[in-house]
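The next block holds one structure in the form of structure tokens; read it before the comments.
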Amino acid sequence: MNLSQQLPTAEQILQPSPAAILRKRIFGHSGFMIGVAVLAVIVLMAIFAPLLSKYDPYTQDLVNRMVPPSFMGGESDHLLGTDQLGRDYLARLLYGARVSLFIGLFAALISGVIGTAMGVAAGYFGGRVDAVVTFLINVRLAMPVVLVALAVVAILGGSLTVVATVLGLLLWDRYAVVMRASTLQVARREYVAAAQVIGTSTPRILFSEILPNVMNNLIVVATLEMAHAILLEAALSFLGLGVQPPTPSWGLMIAEGKDMMLFESWLVMIPGIILFVLVLAINLMGDGLRDITSPAGRN
Amino acid sequence: MLGFILKRLGLALLVALTVSFISFSLLYLSGDPATAIAGESANAQDVQAIRELYGFDRPMLVQYFDWLWNALRFDFGQSYYFKLPVADLIADRLGVTMRLGLAAISFALIVAIPLGVVAAMRPNSLIDKLALFLSVAGQAMPSFWFALVLISVFSIKLGLVPASGSTSWRHFILPTVVLGYYAMPAIMRLTRAGMLEVLSSDYIRTARAKGASEGRVMFRHALRNAIIPVVSLAAVQMGFMLGGSIVVESIFALHGAGFLAWESISRNDLPTVQALILVFSMFYIVFTLLADIVNAWLDPRMRAA
Amino acid sequence: MSEPILKVRDLRLDIPVPAGTLHAVRGIDFDVAPGETLCIVGESGSGKSLTSLAVMGLLGSAIRRSAAELSFDGIDLQKASRRQMRALRGNRMAMIFQEPMTSLNPAYTIGDQLAEALRLHRPISKGDALKRAADLLRLVGITAAESRLRQFPHQLSGGLRQRVMIAMALICEPDLLIADEPTTALDVTIQAQILRLLVDLREKLGMALILITHDLGVVGRVADKVAVMYAGELVETGPAEQIFRNPAHPYTRGLLDCIPVPGRITRGQRLGTIPGIVPSLIGRQAGCIFRDRCPEAIPACTGDIPLRELARGHRLRCIHPQGRRIAEEISA
């Protein structure tokens with residue numbers, strides 16, 4: 001008997017456990033970690049806004065208008081200066097984070113429910129249901145999002161809830177496309193066939209067999225749509241047809257600072273950079289999640 | 001091939017019809033369009049007069065078919081604000097938007113495709129990482145803010161290009177960059193992914209075994225196959241760009257259809273808004289239809305089907 | 001026998017992996033002469049495909065190649081520039097692959113791809129190249145050649161595509177053809193046809209043929225010389241006749257026991273299997289690579305095993321004189 005036969009091979013020893021692989025993928029994925037960290041900071045800033053700034057974002061101080069940020073030589077206790085109406089820029093930025101996050105979450109939630117319902121139904125039932133859903137996706141894609149959103153918000157009035165709802169009703173297409181494809185894949189697997197054979201009810205199959213298995217992709221799309229909604233809200237508000245003044249929306253802040261851009265460029269730069277950073281963080285997190293959860297999606 | 005085109009054409013028509021109905025009915029969200037036109041100072045009599053003048057007193061479906069029938073003959077009614085035929089207004093402005101859209105998609109393709117190819121040829125190299133960084137940053141960059149930054153650097157500080165207007169080609173440079181940059185990440189990523197997949201395929205090995213040069217392998221054998229999905233994407237992006245032109249045109253004061261859309265929405269000019277939604281949708285539908293046909297022509301497997 | 005056209009001495013292929021270096025091919029030697037068929041036999045993962053890609057210069061940059069000698073018709077392939085290699089590939093040495101379904105470019109017609117293979121190496125017009133392409137299609141037994149030229153790969157069956165691949169490989173009349181499992185992906189009836197075709201063409205064109213396979217049944221019908229590869233090493237090489245009549249290495253015998261050969265196996269006898277798995281090739285190897293699965297293994301098998309010549313051209317890498325333990329070793 002050869003002794004070396006009883007020894008495990010090098011490959012068996014070097015093979016990491018699945019949990020270790022996941023851990024390594026998550027912590028080895030610097031993009032994902034940076035995204036999560038930055039997003040966490042912005043969320044905390046939004047939640048604790050009243051604690052982080054002693055100023056109110058709506059209180060005007062017409063004597064101290066457009067005071068530059070203290071790091072640019074502004075001699076006041078306004079860390080990021082004040083805007084054209086003398087409102088504290090830091091306070092508006094912090095409360096503006098609430099607006100962006102609310103819009104992002106709310107719109108991603110509404111569109112997520114619509115898109116997932118449509119996509120899962122199309123993928124699971126196929127046939128006519130699939131044909132109708134595919135058709136609706138085509139119709140939706142043909143509608144110019146910015147134009148329709150602008151028009152509807154202009155008609156209904158630009159409150160936070162209206163903007164979030166309108167965006168939610170428009171951005172379900174990617175959910176539907178991805179959920180349809182993922183459901184098609186899952187529905188062919190043996191355990192779904194097994195559940196059908198033993199007579200499990202359709203809603204039960206959908207909720208306990210299909211949904212958990214498409215959840216990874218759902219979360220990835222949700223993060224990307226959240227970023228998308230935040231960018232669109234900012235654009236709408238920038239055009240003056242989204243969230244209305246005096247609500248502190250970052251897009252609105254950029255619009256208000258635009259005319260002063262030549263002299264006080266920080267009025268535009270500060271909200272622009274924070275908006276860019278927030279969207280970047282959410283995208284990094286979404287991209288990272290996709291890489292971490294999909295075995296083949298490493299490129 | 002003919003069967004495929006006919007089927008695809010039928011679908012496009014059905015989508016167009018549905019879109020037209022949605023864009024028509026969207027503007028009845030406010031309740032009574034007559035009140036909107038008459039303005040706040042109007043009395044009940046004026047509103048009633050307007051209602052009858054524009055035919056708002058008829059059933060909605062009748063109004064829709066009436067509107068659709070006229071739209072098919074390029075008659076979108078009178079603009080409330082400009083007091084001109086909507087069709088003339090749009091026709092007047094569309095040229096600028098088309099020029100901008102074409103310039104932007106060309107700019108995006110010219111930069112993004114070579115970048116995607118190089119990134120795929122040398123995965124994880126410096127240039128791959130740079131391309132990846134640009135694409136991630138591009139997706140996160142608010143286009144209106146990017147436009148403002150470009151204006152402040154290239155127009156205000158350096159004085160190289162005009163910041164607003166649409167009278168010369170130089171007015172189109174910054175808008176093209178802003179609109180094109182927005183479409184680049186997706187094109188770059190798809191090119192890179194497509195090239196990576198194709199480069200690991202057996203027929204690329206065959207081409208190398210024949211003695212083909214690296215350049216020939218890359219462009220004649222690999223890119224030819226990897227480019228097929230990019231064509232569809234470019235058409236979709238082109239459709240999105242027309243929508244995105246609203247933001248860009250209003251910042252750069254380019255008097256195109258996007259600028260018109262912004263003006264008419266701000267002024268509650270419903271017929272113009274309706275017509276613009278329909279026109280932009282039609283462009284998207286036509287672009288994707290063309291892309292599908294080009295695709296079928298590029299991919300022999302689809303040509304036969 | 002004439003001078004060998006391809007000479008390979010001490011070829012090594014190393015692949016750096018996270019856990020160290022994978023020594024995929026470790027010091028193998030072989031020759032092929034014009035008009036000769038060499039069969040390289042082994043299971044998947046034994047390094048036989050890598051060996052053929054190494055000869056063609058088609059290894060990716062991730063694999064390191066080194067050899068004491070690697071020459072084709074007197075040209076040192078290790079010193080050849082990229083340009084020189086390109087001029088050889090598809091021209092003087094050609095290769096056909098395992099996967100006919102995916103080895104042709106879906107975007108171009110058969111005619112385009114055949115003509116390209118010719119025009120890369122010969123100054124010839126497209127029209128003339130297509131004429132020659134049609135001749136080649138007829139040579140490999142495809143009827144209605146002219147209309148096939150206008151078809152796309154997806155319109156052809158697997159067997160037809162492999163014939164097209166062969167035609168493409170032969171269009172420049174190469175001196176050496178390497179066929180890497182050309183029939184594995186095909187139906188059994190088609191397999192025999194393609195094999196017959198390859199051997200006929202070798203005779204007709206007087207080229208050297210390297211046939212890579214895991215199927216010893218194939219080898220018996222076509223080979224002049226056989227090289228048996230196991231886990232990156234050549235364990236036994238020699239004239240086909242010798243190997244079949246007098247297989248010396250326990251692995252070769254194991255392989256032969258796996259196939260039903262008339263006369264060697266009596267009715268009702270069970271076909272053999274080789275127990276165990278191929279060892280990991282990461283890191284340094286010492287001793288006989290087959291010893292973990294070898295029924296004849298003794299402690300001395302962990303030492304150095306030189307390649308010995310049993311008879312003219314019949315070489316063996318085994319510690320036992322004839323590949324079998326003799327009585328005193330067992331009792332010792």
Can you tell which of C:E69, C:E99 is closer than 27 Å to C:V218 by Cβ and of a type in the set (D, E, K, R)? C:E99
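Yes/no matrix, rows are residues, columns are (1) crowded, with 17+ Cβ neighbours inside 10 Å; (2) under 25 Å from the mean Cα position of the chain (by Cα); (3) under 19 Å from A:G242 (Cβ atoms):
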site: A:A49; (1), (2), (3): yes, yes, no
site: A:S53; (1), (2), (3): yes, no, no
site: A:Y58; (1), (2), (3): no, no, yes
site: A:S70; (1), (2), (3): no, no, no
site: A:L79; (1), (2), (3): yes, no, no
site: A:D83; (1), (2), (3): yes, no, yes
site: A:L90; (1), (2), (3): yes, yes, no
Hey, among the residues in region B:125-157 that are at the interface with another protein chain (Cβ under 10 Å from one of its Cβ atoms) and not in a helix (DSSP H, G or I), which one's surrounded by the fewest Cβ atoms within 10 Å (Cβ to Cβ)? B:M141
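Among the residues of region B:195-208, how many are without any contact (Cβ under 8 Å) to a residue 40 or more places away in the chain and in a helix (DSSP H, G or I)?
9
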Of all the residues that make up region A:267-285, how many are crowded, with 21+ Cβ neighbours inside 10 Å and either touching a Pro at 6+ places or on another chain (Cβ under 8 Å) or more than 10 Å from every other protein chain (Cβ to nearest Cβ) (or both)? 6
How many residues does region C:58-99 contain that are within 9 Å of another protein chain (Cβ to nearest Cβ), in a loop (DSSP other than H, G, I, E, B) and not charged (D, E, K, R)? 5
Can you say whether A:L101 is of a type in the set (A, V, I, L, M, F, W, C), surrounded by 20 or more Cβ atoms within 10 Å (Cβ to Cβ) and at pLDDT 90 or above, as far as the supplied structure shows? yes
Take the conditions over 22 Å from A:I273 (Cβ atoms), touching a Gly at 6+ places or on another chain (Cβ under 8 Å) and more than 10 Å from chain B (Cβ to nearest Cβ) and apply them to A:L218. Does it pass? yes
Quick check on my filter: what residues within region C:117-140 are within 13 Å of chain B (Cβ to nearest Cβ) and either touching a strand residue (DSSP E or B) at 6+ places or on another chain (Cβ under 8 Å) or not hydrophobic (A, V, I, L, M, F, W, C) (or both)? C:R119, C:H121, C:R122
Name the pairs: first residue in region C:68-88 and over 17 Å from C:V32 (Cβ atoms) and free of Cβ contacts under 8 Å to residues at least 40 places away in the same chain, second residue in a loop (DSSP other than H, G, I, E, B) and of a type outside the set (A, V, I, L, M), Cβ to Cβ under 7 Å, at least 6 apart or on different chains? C:M85/C:G57; C:R86/B:G211; C:R86/B:S213; C:A87/B:G211
Of the residues B:G244, B:G258, which is modelled with pLDDT under 90, assigned to a helix (DSSP H, G or I) and within 11 Å of chain A (Cβ to nearest Cβ)? B:G244
Odd one out for B:G211, checked against (1) more than 11 Å from every other protein chain (Cβ to nearest Cβ); (2) part of a loop (DSSP other than H, G, I, E, B): (1)
When B:W69 is evaluated against the numbered criteria (1) more than 26 Å from the chain's Cα centre (by Cα); (2) at pLDDT 80 or above; (3) more than 30 Å from B:A253 (Cα to Cα), which criterion, by number, is the only one it fails? (1)
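C:L114 - would you say it is more than 11 Å from chain B (Cβ to nearest Cβ), modelled with pLDDT of 90 or more and over 30 Å from C:G220 (Cα atoms)? Talk me through it step by step, then tell me what you get.
Working: more than 11 Å from chain B (Cβ to nearest Cβ): no; modelled with pLDDT of 90 or more: yes; over 30 Å from C:G220 (Cα atoms): yes.
For C:L114, the condition - more than 11 Å from chain B (Cβ to nearest Cβ), modelled with pLDDT of 90 or more and over 30 Å from C:G220 (Cα atoms) - is not met.
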The listed residue being of a type outside the set (G, A, S), more than 14 Å from chain B (Cβ to nearest Cβ) and surrounded by 23 or more Cβ atoms within 10 Å (Cβ to Cβ), out of A:M226, A:M179: A:M179
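Which members of region C:174-200 meet the condition of being surrounded by fewer than 19 Cβ atoms within 10 Å (Cβ to Cβ) and more than 14 Å from chain B (Cβ to nearest Cβ)? Can you show your working first?
Start the filter on region C:174-200 by keeping residues that are surrounded by fewer than 19 Cβ atoms within 10 Å (Cβ to Cβ), which leaves C:184, C:187-190, C:192-193, C:196-197, C:199-200.
Scanning region C:174-200 gives C:D187, C:V188, C:T189, C:I190, C:A192, C:Q193, C:R196, C:L197, C:V199, C:D200.
The values are calculated or read from the model by the stated rules, or taken from the named source; none is laboratory data. Quick caveat: nothing in here was measured; it's all calculated off a predicted structure. All Cβ positions, glycine included, derive from the backbone under ideal geometry; neighbour counts span all protein chains shown.
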